[in-house]
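Structure, as structure tokens:
The values are calculated or read from the model by the stated rules, or taken from the named source; none is laboratory data. Keep in mind that what you see is a predicted model, and the values were worked out from it rather than measured. Here the Cβ positions follow ideal geometry from the backbone for every residue, glycine too, while neighbour counts run over all protein chains shown.
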Amino acid sequence: MKLYEIAHSRSGDKGNISNITLIAYELSTYHTLASAVTAGRVKAWLGNRVHGEVQRFELPQLGALNFVLLNALAGGVTASTALDAHGKSLSSFLLEMEI
């Protein structure tokens, strides 16, 4: 199944750091997300879009995982020539991952 079938996401940015929060539609599927969506899998899925470390923070009470992507915005919004300098589309791209 794809992540969008059991979760939605939000993203944000600060400088050259992007973050993606993956939120289960139902709290009962949080454990599926937590076991299947690791920091390593997210980094591999995003490929060369993220040049630094991916950190994962768990929010079980909310049924959410927050991923912090370091060195992910080509120098930051004001320095980047990227079409999506804020990294907003990264959250949609993550939802396409198969688990």
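Observations on the model:
Residue-wise test of (1) modelled with pLDDT under 95; (2) touching a strand residue (DSSP E or B) at 6+ places or on another chain (Cβ under 6 Å); (3) crowded, with 18+ Cβ neighbours inside 10 Å.
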| residue | (1), (2), (3) |
| --- | --- |
| 10 | yes, yes, no |
| 49 | yes, no, yes |
| 54 | no, yes, yes |
| 59 | no, no, no |
| 62 | no, no, no |
| 67 | no, yes, yes |
| 71 | yes, no, no |
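Rundown of residues vs (1) assigned to a loop (DSSP other than H, G, I, E, B); (2) over 13 Å from residue 69 (Cα atoms); (3) under 11 Å from the mean Cα position of the chain (by Cα), yes/no style:
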site	(1), (2), (3)
12	no, no, yes
23	no, yes, yes
43	no, no, yes
48	no, no, no
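- Residue check for residue 33: surrounded by 14 or more Cβ atoms within 10 Å (Cβ to Cβ), part of a helix (DSSP H, G or I) and modelled with pLDDT under 90: no
- Pairs, first without any contact (Cβ under 8 Å) to a residue 40 or more places away in the chain and more than 14 Å from residue 95 (Cα to Cα) in region 30-43, second aromatic (Phe, Trp, Tyr) and surrounded by 15 or more Cβ atoms within 10 Å (Cβ to Cβ), C-beta under 8 Å, six or more apart: 39/67
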